[in-house]
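J.: Before we start, here is the structure in question, set down as C-alpha cells.
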Amino acid sequence: MPKLKTKSGVKKRFKLTATGKVKHGVAGKRHRLISHNGKYIRQNRGTSVLAKPDADRVKLWLPYGLD
C-alpha cells in the first residue's frame, strides 16, 4: 500500500492544536489592505479555530497530521 500524500495547500494554511483542533488564519489579510479599514484589520488579527464540520474535512487532507 503506497503512502498517502498531504495536500500541499493544507500544510501552508492550517496547524493542529495539542487536542486535535484545527487553527487557521483569517482570509483577506495578505495584500490590498488599503481597501480595508483599521477595524477590519485589527479584528482579523491572529488565528481562530475551525468549526467541527470544516475541521473534519481538513483532517481528511492530512492523513498523518502535521509534523
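J.: Tell me the mean residue ellipticity at 222 nm calculated for the chain from its helices only (DSSP H runs of n ≥ 4, each -39500 (n - 2.57), averaged over every residue, nearest 500).
T.: Values: 3 runs with 21 residues, N = 67.
The helix contribution divided over the chain gives -8000 deg cm²/dmol.
J.: Let me ask another. In the structure displayed, which of Lys15/Lys39; Lys7/Lys52; Lys7/Lys39 lie more than 30 Å apart, Cα to Cα?
T.: Lys7/Lys39
J.: Work out from phi, with θ = phi - 60° and the Karplus expression 6.51 cos²θ - 1.76 cosθ + 1.60, the ³J(HN,Hα) of each residue of the stretch 15-22, listed in order in whole Hz, and give x for Gly and Pro.
T.: Calculated HN-Hα couplings, in order: 9, 9, 7, 5, 8, x, 6, 10 Hz.
J.: For the chain, calculate the relative contact order in percent as a whole number, restricting contacts to Cα pairs under 8 Å that are 6 or more residues apart.
T.: Values: 54 pairs, mean separation 28.8, N = 67.
Relative contact order, the chain: 43 percent.
J.: How large is ³J(HN,Hα), in whole Hz, for each residue of the stretch 26-38 in order, when computed from phi with the Karplus curve 6.51 cos²θ - 1.76 cosθ + 1.60 and θ = phi - 60°, using x for Gly and Pro?
T.: 7, 6, x, 10, 8, 8, 6, 7, 5, 7, 9, 7, x
J.: I would also like to ask the following. Going highest first, how would you order 45-53, 31-39 by mean Cβ packing within 10 Å?
T.: By packing density, highest mean first, the sequence is 45-53, 31-39.
J.: Sticking with this structure for a sec: How big is the dipole moment of the chain about its Cα centre under a simple scheme where the beta carbon of each Lys and Arg is +1, that of each Asp and Glu is -1, and everything else is neutral? Debye, nearest 20, please.
T.: The calculated dipole for the chain is roughly 220 debye.
J.: Also, I was wondering about something else. Say R0 is 25 Å: what FRET efficiency, to the nearest 0.05, do Lys39 and Thr17 get from their beta-carbon distance? Provide the component values of the computation, followed by the final result.
T.: Values: r = 28 Å, r/R0 = 1.11.
Between Lys39 and Thr17 the formula returns 0.35.
Where a number appears in this text, it was derived from the coordinates with a stated rule and is not lab data. Just so you know, these numbers come straight off a predicted model, no measurement behind them. With ideal geometry, Cβ positions are generated from the backbone for all residues, glycine too; neighbour counts draw on all protein chains shown.
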